[in-house]
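This report concerns only the one structure given below.
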Amino acid sequence: MAKKDAPPRWDRKMQQRLARGEAAALGELYDRFASLVHGLAHRVLGDERAADGITREVFAHVWEHPDAYDPQQGPLRSWVATLTHRLAVQRLRATETAALAEGGPGSTEELERKVRHASVAARADYIVHAMPAPLRAALELAYFQRRDYRQAAADLGVTEDEARRRLRLGLQLLSTAHDTAPPGAPPGYGGAA
């Protein structure tokens, strides 16, 4: 199986296989990206069943429109994440708008606040999953296990300076979640949905 961070060559071959209608290619793509798609959809929608539906929609779209992906615009992973984000935000807006129309609590401003919050959270998840493993490991130690940089250095088997560097870089990457797109994402990711 291909490495987690797929090179552009893998992306092009996968697109070609999907365009030829190879069901095995869809299975491989699903195995590789289903947790990313479901996680992003769940982060935006906050609902397991809705995230399952978005996951099905994303892979159905990829299967039906493999030529919609342009390898020149960025990695297949980013394109799939962009598609997931767009479909999940559309679903969130439709659900919330329907609730507003039925006289439910809230306002248009509250809906847009929810969409912005969900988008930032989804981008943060994407960034964490896409960052290099050493940075992710340092952040996980610091935030989930409450380790300081000295303890993280000991746990990771690196110098304290290296642990500080990894934490600083990881935090810098995470700080971009409020920006319009994560690093390496194609134009349009996280912007207007």
Hey, ARG166 under 29 Å from ALA88 (Cβ atoms), basic (Lys, Arg) and in contact (Cβ under 8 Å) with a residue 12 or more places away in the chain or not
no
Filtered residues of segment 149-169 (kept if touching a Lys or Arg at 6+ places or on another chain (Cβ under 7 Å) and either within 12 Å of ALA137 (Cβ to Cβ) or open to solvent by less than 70 Å² (accessible area, probe 1.4 Å) (or both)):
TYR149, ASP155
When you go through GLU160, GLU110 one by one, which is the residue that is more than 21 Å from the chain's Cα centre (by Cα), more than 22 Å from ASP52 (Cβ to Cβ) and modelled with pLDDT of 85 or more?
GLU160
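The values are calculated or read from the model by the stated rules, or taken from the named source; none is laboratory data. What you see is a predicted model, and the numbers here were worked out from it, not measured in a lab. Every residue, glycine as well, gets a Cβ built from its backbone with ideal geometry; the counts of neighbours run over all protein chains shown. For the accessible areas, the whole protein counts, side chains as well, though only heavy atoms, and no ligand, DNA or RNA atoms are used. Shrake-Rupley method; radii C 1.70, N 1.55, O 1.52, S 1.80 Å.
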